[in-house]
1. For the ranges 13-22, 27-36, what's the packing order if you count other beta-carbon atoms within 10 Å of each residue, average per peptide, and put the highest first?
2. Hey, can you grab everything whose amide H is under 5 Å from the amide H of residue 13? Only 5+ residues off in sequence or another chain; H modelled, so Pro and N-termini drop out.
3. Within segment 5-32, find all residues whose amide N lies under 13 Å from a label point positioned 7 Å from the Cα of residue 46 along Cα-to-beta-carbon.
4. Label residue 19 and residue 38 with points 7 Å out from Cα along Cα→Cβ: what is the distance between them in nm?
Amino acid sequence: MPTYDYECTECKHRFEMFQSMKDDPIEKCIKCGGKVKKLIGAGAGIIFKGSGFYVNDYKKGSSNSSGSSKKVPSAAPAGSTVPPPSESASKALD
């Protein structure tokens with residue numbers, strides 16, 4: 001059940017109420033009996049508990065079961081520049 005924040009419009013007393021989402025909002029201040037308004041808060045963030053939520057839970061170990069490692073070649077070696085495409089290559093795309 002969520003916690004809702006309320007503020008009295010007369011005495012400015014702020015308080016929290018732990019109530020079901022199906023319950024009607026509180027109408028009277030618990031301190032002075034005045035009219036209250038329900039405050040809109042940011043709410044609580046999602047809390048992940050247990051295993052299976054983190055990237056490092058799914059990483060494979062440093063040893064590879066097949067014995068070979070697959071490397072994806074990079075487009076260009078670090079520090080080198082790639083020349084602009086030639087005119088014939090750009091015409092082939094048209």
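1. Numbers: 13-22: 11.0, 27-36: 14.3.
Order by mean packing, descending: 27-36, 13-22.
2. Close amide H contacts, sequence-distant or interchain: 8.
3. Residues passing the 13 Å test: none.
4. Each label point lies 7 Å from its Cα, and together they span 0.7 nm.
A short reminder: the numbers here are calculations on the coordinates, not readings from a lab. Note that the structure is a prediction, hence the values are computed from the model and not measured. Cβ coordinates were reconstructed from backbone atoms using ideal geometry, including for glycine residues, and neighbour counts include every protein chain displayed.
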